[in-house]
Each structure stands twice: as structure tokens, then as C-alpha cells.
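Read the figures in this text as sums done on the coordinates, not as results from a lab. It should be emphasised that the depicted structure is a prediction, and the values quoted were computed from it without experimental measurement. So basically every Cβ, Gly included, is an ideal-geometry build from the backbone, and we count neighbours across all protein chains shown.
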Ligand code: FES
């Protein structure tokens, strides 16, 4: 089956968005949205379904293996990675593609996600020396290490907004890792910042559950981070 990619576009420096539709004929069963966008941009002359010449579609990618998060976008209403979204898995012929909506749009499908990394800096999420991971936390820390900071969990979060006080789920995996690896007395500052910027603002809607392209169990990480940063500390454990 051939597909129509219906893309929400915006020129660099422009405030107005517009839609443009492109025909794509898959070459293999494994073709993804990333494959299709690459093919569109490789055409000698790119034209939409009305035959109107079009500029190449701007989007970001790096690994094309679900490892970097750069290609996160909203596809048929669901935030996901373009390099993992196989065309064969879409039942409708027309596929709606939009940039992530929670972040400022730079152009086309490119958004500015620098706030993700600024938030991690605010939370003091780094190790100042070698740390040890207790055996009982190994599986949890392994899951947390899978996070690629793509922002898909923030896209569906009803409480997150750029520059808000609540930093959202994307800060939880790194916090979890550090809280499991650092001695309790050294992790106090991280726990305090986590309580202010993550625990306090989370409405526990768990909209982020089942949305992570890496399959991270966000509920499990959240429960553990809350316990380590808030509940156990309040009880003085
Ligand atoms: S390009 Fe790296 S996750 Fe898609």
C-alpha cells in the first residue's frame, strides 16, 4: 500500500504552521517514518500531492536505532520515534505527522528540547565521584539507564509545560539512578530538588505509562524514586 504523509510544517522564524501531503511508496516491509522522510528529502524535486514544489522536510535523527531520541515526533496523535514507527503497523493510508507540541517549534518537525537538559542540571543530577550500586537496585538502575531523553513522556503529561516548576517524568530515570548509587547523606540535595520539581507537581495521572518508546516502566521508576527521595526520608530511613 502507498501512504500519504500529512506533515504539519513551519518555516524557520515563521509563526504560522501549514499542512503539506506527500505520497510515499514503501520499498520494504521494514520502512519506517524515518525511512520515508529520508526518501522524500532525497528526491531530486520534492513536490506535494497537488504537484506543488516543496522544500525538504526538516527533522532530526542520529542513530536510527531507537538509541538517541532525536527523532521523537507525534505520529497519528501519539508521541513516538520516527525510526521505530513502521509504516506497515499503521492501518490508515494517511498518516498525520506533527512536531512534539510541548516544546518550542524551531521548524517543521524540529523542536527545541534544551529544557530537558536544563532541568537535569537544575536537579544537580551528576556524580561527583565513583559510586557503588547495591545489588538490590541493579535491575531498577538498568531500566533507568534506558532513558534517551526523547521527551515522549512529557508530550502526554497534563502537568508539564516548558519553563514550569514541574520537570516531569524525564527527570525520574536519572534521579533514580543517582539515588540508588549515591550514599544517602550525599544524595540529600538531589532528593530535596526532586521533591520540589518532580514529586510535588506530579498529578499521578500516569499518562506517561505505556508511552515510552524504550518500554521503560515509568510507574515503577516513579514509585521507587518517590520512595527513595520522599517517603523513606520523611520517616528518617
Ligand atoms: S534517530 Fe535516534 S532514536 Fe530515532
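In the stretch 77-91, how many are buried (at least 19 other Cβ atoms within 10 Å of the Cβ), more than 7 Å from the ligand (Cβ to nearest atom) and outside any loop (DSSP other than H, G, I, E, B)? I'd like the intermediate steps shown before the answer.
Going residue by residue through the stretch 77-91, those that are buried (at least 19 other Cβ atoms within 10 Å of the Cβ) are 79-83, 85, 87.
From what is left, the residues that are more than 7 Å from the ligand (Cβ to nearest atom) are 79-80, 85, 87.
Within this subset, residues satisfying the condition of being outside any loop (DSSP other than H, G, I, E, B) are 79-80, 87.
So the answer is 3.
Go through 125, 120 for me and flag whichever is in contact (Cβ under 8 Å) with a residue 12 or more places away in the chain, away from the ligand (no atom under 16 Å from the Cβ), out of contact with any strand residue (DSSP E or B) (no Cβ under 8 Å at 6 or more places or on another chain) and in a helix (DSSP H, G or I). I'd like the intermediate steps shown before the answer.
Working: 125 fails: in a helix (DSSP H, G or I).
It is 120.
Would you point out which residue out of 48, 31 is more than 15 Å from residue 73 (Cβ to Cβ) and in contact with a helix residue (DSSP H, G or I) (Cβ under 7 Å, 6 or more places away or on another chain)? Can you show your working first?
On the way: 48 fails: in contact with a helix residue (DSSP H, G or I) (Cβ under 7 Å, 6 or more places away or on another chain).
Only one candidate passes the filter, namely 31.
Only one of these is away from the ligand (no atom under 13 Å from the Cβ), assigned to a strand (DSSP E or B) and touching a residue at least 24 places away in the same chain (Cβ under 8 Å): 74, 57. Name it. Let's see the steps before the verdict.
Details: 57 fails: assigned to a strand (DSSP E or B).
Answer to the check: 74.
Consider the stretch 30-54. How many of its residues are closer than 18 Å to residue 98 by Cβ and part of a loop (DSSP other than H, G, I, E, B)?
As a first pass, look at the stretch 30-54 and keep what is closer than 18 Å to residue 98 by Cβ: 32-34, 36-37, 40-41, 48-49, 54.
Now drop any that are not part of a loop (DSSP other than H, G, I, E, B), which leaves 48-49, 54.
Qualifying residue count, the stretch 30-54: 3.
Name the residues in the stretch 34-54 that are within 16 Å of residue 21 (Cβ to Cβ) and in contact (Cβ under 8 Å) with a residue 40 or more places away in the chain, would you?
If the condition is that a residue be within 16 Å of residue 21 (Cβ to Cβ) and in contact (Cβ under 8 Å) with a residue 40 or more places away in the chain, then 36, 37, 49 are the ones that fit.
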